Amino acid sequence: MRIDVITIFPEYFGPLSVSLIGKAAARGDITFGVHDLRHWTHDAHRTVDDTPFGGGPGMVMKPEPWGEALDAVVAAGGGAGADALLVIPTPAGVPFTQQHAARYAAQPWLIFACGRYEGIDGRVADEARSVLAVEEVSIGDYVLAGGEPAVLVMTEAICRLLPGVLGNAESATDDSFGFGGIESGGPMAGLVEGPSYTRPRVWRDREVPPVLLSGDHAAIARWRRDGALRRTARNRPDLVARLAAQAPGALDRRDREVLSEAGFPVNAEDVAH
Ligand code: 6GU
């Protein structure tokens, strides 16, 4: 997979050579190209921003450097015929989810365009749409000063799904949100993960739950699901509500009992005897 990033802070992307992503890049599974937007400016001050038409606070990124940068990066990667997806991080975008990470991980080529200030002149995305697929995405309901940290976040979420990047091929499928949320159909679909434990068996007088040492795989799976349900009810009631509404068959009698004990309002008649 090829990933290009256009930014006014190329040094922000040093972390791409660290950890799982760094190793995948060193192996050649991912090729990164980080490009300085100012390379495509032509004035002495290498200006990338200007005041907004119509007034208002802040600055808007000028279209000309972005147009030239995208033309050059697209041409270097094989031209508009090659299937690049342009991702524009912005707090005004569609929320980035695990489903986006999976879909992006299946693309041969991603280009991230990092805006700063009050964003990029609106004509840049419109123009790009005439040659490429373009998606505007947000990593959460808060405002960052620029798209750079969002690109690091998305790159991590995407790259760990590439074949061979995670040590254990199964670790991605059992994640919180079970790879594809409710649709994944896995045992933990639509739930976040419960707690996990390792050695020592007793630490500061706290014992690991004995069922995990029992060797009873069905009991362990049930105990883990209970933990996932409790934590999801506590931290993500929105996910439990979605599961109950969209896949009520995914909640068995014991699930409803656990949720009810956790104070989550599920159909009372289902847990009554
Ligand atoms: Cl993708 N960019 C910026 N600047 N702020 C954000 C964001 C992205 N996602 C949430 N806040």
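Figures for the structure shown
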| quantity | calculated |
| --- | --- |
| Boolean, His39 is of a type outside the set (Val, Ile, Thr) and touching a residue at least 24 places away in the same chain (Cβ under 8 Å) | yes |
| The listed residue being surrounded by 18 or more Cβ atoms within 10 Å (Cβ to Cβ) and under 27 Å from Ala102 (Cβ atoms), out of Ala228, Ala189 | Ala228 |
| Flag for Asp216 being surrounded by 15 or more Cβ atoms within 10 Å (Cβ to Cβ) and not aromatic (Phe, Trp, Tyr) | no |
| Of all residues making up the stretch 18-40, the number that are of a type outside the set (A, V, I, L, M), open to solvent by 20 Å² or more (accessible area, probe 1.4 Å) and in contact with a Pro (Cβ under 9 Å, 6 or more places away or on another chain) | 6 |
| Exclusive hit being at pLDDT below 95, over 17 Å from the mean Cα position of the chain (by Cα) and of a type in the set (Lys, Arg), set Lys62, Lys23 | Lys23 |
| Cβ-Cβ under 9 Å pairs, at least 6 apart or on other chains, the stretch 144-162 side open to solvent by 10 Å² or more (accessible area, probe 1.4 Å), far side more than 8 Å from the ligand (Cβ to nearest atom) and of a type in the set (Asp, Glu) | Leu162/Asp29 |
| Spans of helices (runs of 4 or more DSSP H) in the stretch 187-273 with at least 2 residues in contact (Cβ under 8 Å) with a residue 40 or more places away in the chain | 217-235, 237-246 |
| Unique match (being more than 28 Å from the chain's Cα centre (by Cα) and open to solvent by 40 Å² or more (accessible area, probe 1.4 Å)) among Pro15, Pro52, Pro57 | Pro57 |
| Matching residues, the stretch 75-97, being more than 16 Å from the ligand (Cβ to nearest atom), modelled with pLDDT of 95 or more and under 24 Å from the mean Cα position of the chain (by Cα) | Ala84 |
| Output for the stretch 102-160, where each listed residue is within 16 Å of the ligand (Cβ to nearest atom), of a type in the set (D, E, K, R), more than 19 Å from Lys62 (Cα to Cα) and not in a loop (DSSP other than H, G, I, E, B) | Glu135, Glu156 |
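The values are calculated or read from the model by the stated rules, or taken from the named source; none is laboratory data. Only a predicted model underlies this, so the values are computations on that prediction, with no experimental measurement involved. No Cβ is skipped: glycine too gets one built from the backbone with ideal geometry, and neighbour counts run over all protein chains shown. Remember, those area values only see protein heavy atoms, side chains included, never the ligands or the DNA or RNA. Shrake-Rupley method; radii C 1.70, N 1.55, O 1.52, S 1.80 Å.
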